[in-house]
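Below is one structure, written out as structure tokens, with a few remarks after it.
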Number of protein chains: 2
Amino acid sequence: MAVNPILVEVIRGDMVESFFRGAYVVMDTNGQVIDAVGNVEREIYPRSALKPVQAIGMIESGAAETFHLSLAEIALACASHNGEDYHVHLINKWLARLGLTCEVLECGIHASMDKETAFALARQGRDLTFAHNACSGKHTGFITQALHLGVPIENYTHIDHPVQQYVNRVIEDIIEIDIKEAPKGIDGCQVPVIGMPLKNLAQGMAKLAHSQSLGPVLSQAAQTMVVALQTHPGLIAGTGRFCSAITQESKGKIIAKMGADGVFAAILPEKGWGIALKIDDGHLKAAEVALMGVLKKHHLLSQDSAWDHWASPPVRTWNHQTVGEFSFIAKDLKK
Amino acid sequence: MAVNPILVEVIRGDMVESFFRGAYVVMDTNGQVIDAVGNVEREIYPRSALKPVQAIGMIESGAAETFHLSLAEIALACASHNGEDYHVHLINKWLARLGLTCEVLECGIHASMDKETAFALARQGRDLTFAHNACSGKHTGFITQALHLGVPIENYTHIDHPVQQYVNRVIEDIIEIDIKEAPKGIDGCQVPVIGMPLKNLAQGMAKLAHSQSLGPVLSQAAQTMVVALQTHPGLIAGTGRFCSAITQESKGKIIAKMGADGVFAAILPEKGWGIALKIDDGHLKAAEVALMGVLKKHHLLSQDSAWDHWASPPVRTWNHQTVGEFSFIAKDLKK
């Protein structure tokens with residue numbers, strides 16, 4: 001197996017303490033590679049970075065229209081959210097409109113991805129519910145689609161369930177893989193994960209960025225998903241989180257979606273580009289820094305110091321003294 | 001730079017999702033390499049894996065005797081503990097004996113390294129103090145040594161302070177490096193970190209394992225430190241933590257000490273061996289799995305399924321279904 005180059009390093013004091021290898025690829029809608037570094041043919045699990053595609057399945061099926069989903073609800077279907085009050089409130093309202101409660105969600109329960117939110121809820125003595133799960137929007141989307149298809153809700157996370165079968169056909173269309181042949185696994189929230197070459201993920205994102213390249217129904221669904229995330233960047237993730245900040249600060253020109261274990265997918269509607277990125281070892285912060293590096297390299301960020309915090313996050317002591325930083329390194333990068 | 005081999009991979013369903021490169025070296029007291037994989041000459045920061053050496057400085061100076069430190073207190077000086085009640089209680093008692101409170105500690109405040117402990121404290125509405133910091137024992141040790149040396153306590157974390165100067169001479173003796181020339185940085189708890197080749201760290205650990213190889217005073221101090229950790233493995237880390245479990249379950253035949261950013265140092269008193277290990281990207285769980293792999297490879301673990309949980313930790317969904325595992329891989333390992 002070819003060794004991926006170092007994309008990010010952590011400097012502490014006088015030396016590099018740790019470093020992160022990985023691969024990324026930037027593509028346009030015509031399937032043209034703009035930039036590729038590392039092994040972009042290797043199969044990866046996109047994890048939550050695929051949520052926008054899964055949400056398109058729900059929209060394209062007609063479920064979003066039947067149940068009058070708002071743009072906020074569609075954004076939540078794409079989200080790995082913090083389980084902050086405004087996320088949970090919207091999920092519970094959506095479920096109530098379906099005549100359900102969050103007990104039907106098969107995603108399990110976990111503490112918020114945002115430490116401050118997690119500790120705040122614990123300090124307030126609040127009980128976590130299925131609606132607090134970062135993936136509760138995607139799950140509510142699957143249930144909405146089950147109702148629309150007129151099939152039982154139970155086991156909607158199973159790969160043989162009609163909802164997953166439907167969504168998988170949409171994934172096959174957009175990502176151009178044969179799911180029957182693809183490696184498969186189960187995500188932390190119980191939903192199937194499908195292995196796919198990093199390059200296919202990038203190309204799929206490019207299609208979503210310039211959705212005219214899809215058929216008319218898929219194209220319309222993709223546009224709705226993009227507008228939903230542009231309108232509600234805070235719902236993709238939440239306070240203090242990278243995906244929300246990037247989408248908001250770029251005014252929707254960059255829609256960034258993380259996936260667990262070091263994955264990023266980005267949709268650039270204005271450029272018609274898609275980006276996919278995976279850090280070999282799965283480190284989320286390194287993936288954020290790498291994506292910032294790629295965006296900077298291709299002059300996709302405004303000249304604005306607001307980005308610095310994400311591009312080169314500081315390493316701090318518990319007394320808040322800066323003693324190092326993460327940084328994207330270009331020295332191994334050959335086009 | 002030579003690329004380190006893959007030591008650990010994470011399998012999810014049908015494929016490897018993420019993988020971790022790194023280096024390790026096993027040495028005996030005579031400076032003989034028993035096993036070395038990857039670049040073991042590369043300088044790393046040992047971070048908290050060096051605490052046992054720093055504690056030896058305190059013992060060797062006479063501070064431990066002057067202030068009648070118990071074996072439990074010496075174990076805490078080597079610890080990255082959870083800040084559980086029994087850790088915090090002992091630290092505060094130790095400080096009270098010195099006529100001080102934990103306000104003098106310069107380590108800062110952070111939530112427990114153990115998630116359950118962290119959330120339990122938050123749910124109970126308890127305020128975190130400096131004594132809860134994982135490094136509060138090391139810091140109390142430094143203060144004890146300052147009092148013994150008759151120097152001001154203030155700025156005891158600064159590299160020019162007499163305590164750090166004293167401890168650095170002990171590090172130079174045991175690790176055989178020239179600190180003036182070594183790369184330096186500052187740890188999360190504000191104490192200096194010194195870069196050193198991985199091999200030197202392993203050799204230092206081998207000396208502590210068979211302390212007759214040191215001069216008589218250092219040898220006595222090293223033996224005291226080893227006995228302290230063998231007697232109080234729960235104080236090294238705490239409930240649910242790797243270092244405590246391995247030291248306890250091996251009945252003190254393996255003293256394992258983690259350092260932040262993927263480091264392990266291990267002392268094997270019965271064998272007279274030392275081990276040092278670093279995962280390139282700093283992943284703690286991968287470092288634990290790699291150390292287990294090395295211990296297994298050299299037949300240092302009893303035939304006991306109690307180790308399985310540490311050797312191949314499962315990847316679970318939020319519903320607690322096992323969907324993958326971490327594993328040590330030997331395929332890249334050439335002696």
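For chain A, what is the charge dipole size about the Cα centre, in debye to the nearest 20, if Lys and Arg each add +1 at the Cβ and Asp and Glu each add -1 at the Cβ?
Around 460 debye, computed over chain A.
Considering only protein heavy atoms, with the full assembly of protein chains and a 1.4 angstrom probe, order A:Ser219, B:Ser312 by accessible area, largest first.
B:Ser312, A:Ser219
Once you put a point 7 Å from the Cα of A:Asp160 and another 7 Å from the Cα of A:Tyr86, both along the Cβ direction, what distance in nm separates them?
Reported label-point gap for A:Asp160 and A:Tyr86 is 4.3 nm.
Can you give the longest stretch of chain B with no exposed loop site, where a site means GluC sites (Glu not before Pro) in a DSSP loop (not H, G, I, E or B) with at most 13 other C-beta atoms within 10 Å?
Result, exposed sites excluded: B:42-153.
Is there a pair in B:Lys180/B:Lys296; A:Lys257/B:Lys257; A:Lys278/B:Lys51; B:Lys180/B:Lys278; A:Lys184/B:Lys296; A:Lys285/B:Lys93 whose C-alpha atoms are over 27 Å apart, and which pairs would that be?
Details: B:Lys180/B:Lys296 38 Å; A:Lys257/B:Lys257 37 Å; A:Lys278/B:Lys51 35 Å; B:Lys180/B:Lys278 23 Å; A:Lys184/B:Lys296 30 Å; A:Lys285/B:Lys93 39 Å.
Going by Cα-Cα distance, B:Lys180/B:Lys296; A:Lys257/B:Lys257; A:Lys278/B:Lys51; A:Lys184/B:Lys296; A:Lys285/B:Lys93 fall outside the 27 Å limit.
By how many degrees, between 0 and 90 and to the nearest 10, does the Cα long axis of helix A:85-97 differ from the longest principal axis of chain A?
On a 0 to 90 degree scale, this one is about 20.
Over chain A, what is the relative contact order in percent, taking alpha-carbon pairs closer than 8 angstrom and at least six residues apart?
Once divided by the residue count of chain A, the mean separation gives 25 percent.
Using a 4.7 Å cut-off between beta carbons, which cysteines in chain A end up with no partner cysteine at all?
A:Cys78, A:Cys102, A:Cys243
Between chains B and A, what is the buried accessible area summed over both chains (1.4 Å probe, protein heavy atoms, nearest 100 Å²)? Intermediate results must be reported in sequence, preceding the final value.
Details: alone 14570 and 14560 Å², together 25010 Å².
Separately minus together, B and A give about 4100 Å² buried.
Count neighbours as other Cβ atoms within 10 Å of each site's Cβ, and list the trypsin sites (Lys or Arg not before Pro) in segment B:159-257 that are DSSP loop with at most 16 such neighbours.
B:Lys180, B:Lys251
If we hang a label 7 Å off Cα along the beta carbon direction at B:Thr231, how far is it from the matching labels on the other copies, in nm, shortest first?
Distances between equivalent label points, in nm: 6.9.
Which whole number gives the average count of other chain Cβ atoms within 10 Å of the Cβ atoms across peptide A:225-235?
0
Place the label 7 angstrom along Cα→C-beta at B:Glu116 and in each other copy, then list the distances from the first to the rest in nm, shortest first.
For B:Glu116, the other copies' label points sit at 2.9 nm, shortest first.
Taking springs between alpha-carbon atoms closer than 10 angstrom, which of B:His139, B:His81, B:His110 fluctuates most in the Gaussian network model of chain B?
Answer for the Gaussian network model of chain B: B:His110.
For B:Val323, which sequence-distant residues (separation of 5 or more, or a different chain) have an amide H within less than 5 Å of its own amide H, given hydrogens modelled in the peptide plane?
B:Val315, B:Arg316, B:Thr317
Could you look at chain B and say what percent of its accessible area is carbon and sulfur, using a 1.4 Å probe and all protein chains? All intermediate terms of the calculation are to be shown ahead of the outcome.
Values: 6360 of 12520 Å².
Using a 1.4 Å probe with all protein chains present, chain B comes out at 51 percent carbon and sulfur.
What gaps in nm, shortest first, separate A:Lys93 from its twins in the other copies when you place the label 7 Å past Cα toward the beta carbon?
Here A:Lys93 shows inter-copy label distances of 5.5 nm.
For segment B:244-291, what relative contact order do you get, as a whole percent, if you take Cα pairs closer than 8 Å and at least 6 residues apart?
Relative contact order of segment B:244-291: 29 percent.
What number comes out for accessible area per residue over chain A if the probe is 1.4 Å? Units Å², please.
Accessible area per residue: 37 Å².
Please compute the contact order of segment A:198-304 in relative form: average sequence separation of alpha-carbon pairs under 8 Å and at least six residues apart, divided by the residue count, as a percent. Provide the component values of the computation, followed by the final result.
Working: 172 pairs, mean separation 28.2, N = 107.
Contact order relative to length: 26 percent.
Springs between alpha-carbon pairs under 10 angstrom, Gaussian network model over chain B: which of B:Leu277, B:Leu208, B:Leu71 fluctuates most?
Judging by the Gaussian network model, the answer is B:Leu71.
Subtract the Cα-Cα distance of A:Thr322 and A:Ala2 from 0.36 nm times their separation in residues, and report this length gain in nm to one decimal. Numbers along the way, then the final one.
Numbers: separation 320, 0.36 × 320 = 115.20 nm, distance 3.55 nm.
In short, 111.6 nm is gained.
Assuming R0 = 22 Å, can you tell me the calculated FRET efficiency for the pair A:Asn30 and A:Thr231, based on Cβ-Cβ distance, to the nearest 0.05?
0.20
Sum -39500 (n - 2.57) across every DSSP H segment of at least 4 residues in chain B, then divide by the residue count to get the 222 nm mean residue ellipticity, nearest 500.
When only DSSP H runs of four or more count, the value is -11500 deg cm²/dmol.
Where is the GNM fluctuation largest for chain A (alpha-carbon springs, 10 angstrom cutoff): A:Leu198, A:Leu218, A:Leu128?
A:Leu128
Please list 3J(HN,Hα) in residue order for segment A:210-216, calculated via the Karplus relation 6.51 cos²θ - 1.76 cosθ + 1.60 where θ = phi - 60°; whole Hz, with x for glycine and proline.
With coefficients 6.51, -1.76 and 1.60, one gets 9, 6, 4, 6, 8, x, x Hz.
May I ask for the distance between the Cα centers of segment B:270-299 and segment A:58-100, given as a whole number of Å?
46 Å
So how tilted is helix B:51-60 from the main axis of chain B? Cα-based, degrees 0 to 90, rounded to 10.
Orientation of helix B:51-60: about 30 degrees from the principal axis.
For B:11-24, what's the mean count of beta carbons from other chains sitting within 10 Å of each residue's beta carbon?
That works out to 6 on average.
The values are calculated or read from the model by the stated rules, or taken from the named source; none is laboratory data. Since the structure is predicted, the reported quantities are computational estimates derived from the model, not experimental observations. Note that each Cβ is placed from the backbone with ideal geometry, even for glycine, and that neighbours are counted across all protein chains shown. These accessible areas exclude ligands, DNA and RNA; they are computed on the full protein's heavy atoms, side chains included. Shrake-Rupley method; radii C 1.70, N 1.55, O 1.52, S 1.80 Å.
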